[in-house]
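First the structure, in the form of structure tokens, and then the observations on it.
The values are calculated or read from the model by the stated rules, or taken from the named source; none is laboratory data. In this text, all values refer to a predicted model and were calculated from it rather than measured experimentally. So basically every Cβ, Gly included, is an ideal-geometry build from the backbone, and we count neighbours across all protein chains shown. Note: accessible area is taken over every heavy atom of the protein model, side chains too, but ligands, DNA and RNA are not part of it. Shrake-Rupley method; radii C 1.70, N 1.55, O 1.52, S 1.80 Å.
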2 protein chains.
Amino acid sequence: MDQQTVLTKIALNAWQIQTDRATKFINESSDELLLKEIAPGKNRGIYLMGHLIAIHDALPEILGFGKKAYPDLGAIFITAPDKTIDKIPTVSELRDMWASVHDRLKNEFSKMPAEKWFTRHESMTDADFEKDPARNKLSVLVTRTNHLAYHFGQLRLLK
Amino acid sequence: MDQQTVLTKIALNAWQIQTDRATKFINESSDELLLKEIAPGKNRGIYLMGHLIAIHDALPEILGFGKKAYPDLGAIFITAPDKTIDKIPTVSELRDMWASVHDRLKNEFSKMPAEKWFTRHESMTDADFEKDPARNKLSVLVTRTNHLAYHFGQLRLLK
């Protein structure tokens, strides 16, 4: 196994472990539970769920394999704080989006050649990339995996 | 920059970002705040702080550059749940240990040649490593970074 493949495998394993844990947690949680705040006065489960979907739905654009499937989610679950917008998707709608976004990523990641992870991500220029080749597609995946772990640690408090 | 160096840099950057954020949070938090539960009935800040110190203090053994500095912490902050042991270190003592453990890691990581990260970690055999070369020292670092992000997401709820 060459170095690129080994490294890509480590990062993809870590992503998949976190994603699978979060998916299992959400599938085993009732709508009622996900509508609760993770701690008094803090974000609700539904907001964190929507937030993660919105962030992960943007990955195809940054990694260069397509457009967002749910471009309206960002305004609700990234820009706006929780409990400031009246009309948001239901937990049931978010469950479908969660499955769809993560299935798409799993499918695309499985087809992505190892060397492509080492190319620049789409939101930076060639010149910047030359200065810092560590800012590649794989670094985006590593950052998003930590972001997911961070919020999953919070979601888990619902149980 | 070769692939090994690029990848090691991504993983080390991610570790350092999470560590720096957690250190800043702890330094800016009062002892009183860290003695609170992160949510009603859940772990206290002091427990999560001790838990992270204990896990990170074991890294030198797994990565092959030394022994644990605080071998007694595991029984208090890993094996035992929070609020089950009467005599635990004070927040002030844990602050010193936090700084010492993370300074040591930063120093050792800065000296570690990139290729060493791609060797097997110390808790697995050569035969297992041959079967799965992705289970190397770098994969341990990636896993611990996600573990840190997970608990840091919880610690942040204290604020």
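General observations
- For chain B, a Gaussian network of Cα nodes joined below 10 Å ranks B:GLY64, B:GLY74, B:GLY41 by mean-square fluctuation, and the top entry is B:GLY41.
- ³J(HN,Hα) computed for each position of the stretch B:38-53 - Karplus, 6.51 cos²θ - 1.76 cosθ + 1.60, integer Hz, glycine/proline x: 5, 7, x, x, 9, 4, 7, x, 4, 5, 5, 4, x, 4, 5, 4
- Checking the cross-link pairs A:LYS9/B:LYS106; A:LYS67/A:LYS106; A:LYS116/B:LYS9 against a 22 Å limit on the alpha carbon distance flags A:LYS9/B:LYS106 as lying beyond it.
- For the stretch A:11-23, 3J(HN,Hα) per residue [Karplus equation, 6.51 cos²θ - 1.76 cosθ + 1.60, θ = phi - 60°, Hz, x = Gly/Pro]: 5, 5, 4, 4, 4, 5, 4, 5, 5, 4, 4, 5, 4
- Difference of contour (0.36 nm per residue) and Cα-Cα distance, B:LEU35 to B:ASP72: 11.3 nm
- Between B:PHE152, B:LEU7, B:ASN43, the Cα set farthest toward the positive side of the dipole of the stretch B:3-156 (charges on each charged residue's Cβ, about the Cα centre) is that of B:LEU7.
- Working from the Cα coordinates of the protein assembly as shown, the gyration tensor eigenvalues give, after taking √(5λ), semi-axes of 30, 29, 17 Å in decreasing order.
- Helix-only CD estimate at 222 nm, as mean residue ellipticity for chain A, using -39500 (n - 2.57) per DSSP H run (n ≥ 4): -19000 deg cm²/dmol
- Considering only A:SER92, A:HIS121, A:TYR70, the residue lying farthest towards the positive end of the dipole of the stretch A:3-156 is A:HIS121, judged by Cα position with unit charges set on Cβ.
- Figure note: B:ASP57, A:ASP132, A:ASP96 ranked by solvent-accessible area, largest first, 1.4 Å probe, ligands and nucleic acids not counted: A:ASP96, A:ASP132, B:ASP57.
- Size of chain A: Rg and Dmax of its alpha carbons, in Å, are 16.5, 52.
- Over 31 Å (Cα to Cα) - which of A:LYS131/B:LYS131; A:LYS111/A:LYS131; B:LYS24/B:LYS87 fall in this group: A:LYS131/B:LYS131
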